[in-house]
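Q: Below are the C-alpha cells for one structure; questions will follow.
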Amino acid sequence: MRPIAATILACALTIVSAVSTPAPVSAQAPAQPNRKPDLGDAVEGVYQGDVISDARGSSQSDVTITVKRVGKNLVEVSSDYPRIPTVTIPLSQAMSSIVAARGNAVFLIDRAKDSKRLDLTIDDASLVVRRP
C-alpha cells in the first residue's frame with residue numbers, strides 16, 4: 001500500500017503545483033481598460049488631406065494628420081507638415097458634431113454628414129482631411 005500512497009501523493013502534488021503556478025506573462029491576456037469610450041476614442045486615427053488655406057504660407061497637398069487620445073475627451077493633433085504645430089485639443093459634442101471645447105484651434109467632425117471628414121484650423125492654417 002505504501003507505493004500506491006506515495007504515487008497518489010506525488011500525483012496530487014504535481015497537480016497542485018501545476019494549478020498554482022501562474023502562466024508566463026506573455027501568455028496572460030492583456031488588461032482591458034476600465035473606462036467608457038469617449039470622444040477621443042471616436043476621433044483617434046490617421047487622416048490624409050490638404051491645407052486649403054494658410055495665412056502664413058501656401059496651400060499644401062497630401063498632408064497627414066495624426067489624432068491621438070491623451071485623456072478623457074482630450075486629443076493630441078500632430079502633422080507631417082512642419083508648418084502645423086502639435087497641439088492638444090479638448091473635445092466636446094454639439095448635436096451630432098465633435099468640436100473643440102475651447103482654445104484657438106478649430107476641430108470639427110460632423111458625424112451626421114461625413115464621420116470620416118475632419119475640418120481643422122491650427123495656427124491660421126485650415127485643413128480638410130479624411131480617414132481612410
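Every read-out reported here was derived from the displayed coordinates using simple, explicitly stated rules and does not represent laboratory data. Bear in mind the structure is a predicted one, so any value in this text is a computation, not a measurement. Heads up, the Cβs are rebuilt from the backbone with ideal geometry, glycines too, and the neighbour counts pull from every protein chain shown.
Q: Just to confirm a number: summing +1 for Lys and Arg and -1 for Asp and Glu over residues other than V63 whose beta-carbon lies under 12 angstrom from that of V63, what do you get?
A: Net local charge, V63 excluded: -2.
Q: Once amide H atoms are placed 1.01 Å from N in the peptide plane, what residues at a sequence separation of 5 or more from V63, or on another chain, have their amide H within under 5 Å of its amide H?
A: Here G49, D50, V51 satisfy the definition.
Q: Against the 2.2 N^0.38 Å scaling, with N counting residues, where does the range 61-132 land? I'd like the Cα-based Rg ratio to two decimal places.
A: After normalising by residue count via 2.2 N^0.38 Å, the value is 1.03.
Q: How far is it, in nm, from the label point at L74 to the one at T88 when both lie 7 Å from their Cα along the line to the Cβ?
A: Roughly 0.5 nm, to one decimal.
Q: Can you give the extra length, in nm with one decimal, that the chain gains between D123 and A105 once fully stretched, where that is 0.36 nm per residue apart less the Cα-Cα distance?
A: Extra length available between D123 and A105 comes to 5.7 nm.
Q: Under a plain spin-label model, where a point goes 7 Å from the Cα along Cα-to-Cβ, how far apart in nm are D50 and D62?
A: According to this spin-label approximation, the distance is 1.4 nm.
Q: For Y81, what is the net charge nearby, where nearby means another residue's Cβ is under 13 Å from its Cβ and Lys, Arg count +1, Asp, Glu -1?
A: -3
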